[in-house]
Amino acid sequence: MVSLSEVRSSNAALPRGQGTLTAVFVGATSGIGLATLRSYATHISNPTALIIGRNRSKFASELGNLRSLNPAGSFTFLEADVSLIKNIDAVCESIKQQLSGAKVDLVYLSQGYVGFNGRETNAEGLDNSFSLRYYGRIRFASRLAPLLTPNGRVVSVLGGGQEGKMIEDDLDLERNYSVGQAMVHSATLHSLSFDQLAKQYPDKAFIHAFPGLASTGLLGHSATGVLGVAFKWIVEPLMSLFVAKPADVGERMLYYGTAPQFQRGSWTLNEKGEAKEVAALKEYREKGWAEKVGEFNVKMFERALQV
Ligand SMILES: NC(=O)c1ccc[n+]([C@@H]2O[C@H](COP(=O)([O-])OP(=O)(O)OC[C@H]3O[C@@H](n4cnc5c(N)ncnc54)[C@H](OP(=O)(O)O)[C@@H]3O)[C@@H](O)[C@H]2O)c1
């Protein structure tokens, strides 16, 4: 287990070792992603951050905050709705142009919400929540991997260690969608996709991390109607007394991106920072499911882009 005090002291020592880093943040306009971005701005001497979000004007005051946290930093916002694969491809091209030949050290992915309203098919025929939490993240990781420095890392904040048995003839959950199944499928497919990427890019690290419960307002952002009101005004205020603070989880995510032990390969980290291989994931790995999932992803991306 990696304690919070270990995380904090490692991050506090960062400027001496790693003065300049370039990172891409997706899903950092609130919650855990934003907390990670603030930690990054605080602990890296000369940080460059490319921040991808769907509403530039809503983020304007936070850009000011980041610049005052670190006046030596460069913080650029690129506007894109990352629920669609075609928009992800376009914004990855913009990232490439922004970098003008430079490389990326870190990619943080934390976009998404929990789909409480059943399957919500978007313009590309994908469930919108599933697309944000799974397909889109794998698309970002695949598109940005060639731009990573040697030893570069992708950290995706979702469900490392939360994998489970999938409905194997309905990976996309077209016929079997439920909140629980979507969580299991997105976590399991995610870890197997990262295995595949780690094989393709053996000098990089692909880290799938479970943050544990954190008081970000995620449930209230996700649910609508009576359930949304109950989450926002009753469940989340109560939960916030017991669960982790986003700032602490953000520190932990920065640690996963910078601590020496998470170099190279595919990592599934639980909320304590322990590499976890649950029985279902072990079985899928042993049966060669990483390759199958890689092929499934290609098919789903092609299908989405044809719609
Ligand atoms: N918080 C927890 O306890 C917890 C536990 C386990 C796993 N997770 C996972 O960790 C990730 C981050 O959670 P969080 O608590 O930080 O959530 P959050 O505070 O709600 O932040 C979610 C991020 O995703 C973006 N997003 C949401 N819906 C979007 C949409 N339709 N299109 C484009 N972007 C969208 C948000 O952008 P806007 O600012 O534009 O809305 C925001 O940047 C999620 O995938 C969540 O499932 C969280």
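Table for the structure above
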item: Two-site label geometry, D170 and M239: point separation in nm, points 7 Å out along Cα→Cβ; result: 2.6
item: Eligible lysines near K165 by straight Cα distance, threshold 21 Å, same-chain separation 8 or greater; result: K276, K282, K287, K292
item: Charge tally in the Cβ shell below 12 Å around E277, where Lys, Arg are +1 and Asp, Glu are -1, E277 excluded; result: -2
item: Rounded to 5, percent antiparallel among DSSP beta bridges of the chain; result: 5
item: Surrounding net charge for I167, when Lys and Arg each add one and Asp and Glu each subtract one, Cβ distance under 12 Å; result: -3
item: Residue order, fewest to most beta carbons within 10 Å, for F25, F77; result: F77, F25
item: Quotient of C-alpha Rg and 2.2 N^0.38 Å, computed over the chain; result: 0.94
item: Integer Hz, Karplus 6.51/-1.76/1.60 couplings in order for segment 96-113, x for Gly and Pro; result: 4, 5, 4, 6, 5, x, 6, 10, 10, 8, 9, 10, 10, 10, 8, 6, x, 8
item: Segments 287-295, 29-37, 197-205 sorted - mean Cβ within 10 Å per residue, highest first; result: 29-37, 197-205, 287-295
item: Whichever lysines have a C-alpha closer than 21 Å to that of K86, once near sequence neighbours (fewer than 8 apart) are set aside; result: K96, K299
item: Exposure proxy ranking, count of Cβ atoms within 10 Å, fewest first, for S142, S240; result: S240, S142
item: Summed side-chain charge close to F262 - residues other than F262 whose Cβ falls under 12 Å, Lys, Arg +1, Asp, Glu -1; result: +3
item: For the chain, size of Cβ-based charge dipole, Lys and Arg +1, Asp and Glu -1, in debye; result: 680
item: MRE, 222 nm, helices only [DSSP H, n ≥ 4, -39500 (n - 2.57), over the chain, to nearest 500]; result: -13500 deg cm²/dmol
item: Globularity ratio of segment 181-294, using Cα Rg and 2.2 N^0.38 Å; result: 1.25
item: Furthest towards positive pole of dipole, T268, N11, S110, structure part the chain, Cβ charges; result: N11
item: DSSP bridge orientation in segment 1-134 - percent antiparallel, rounded to nearest 5; result: 5
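Rule-based calculations on the coordinates, nothing more; no lab input. Not measured: the values here are computed from a predicted model. For neighbour counting, all protein chains shown are included, and Cβ atoms are generated from backbone atoms with ideal geometry for every residue, glycine included.
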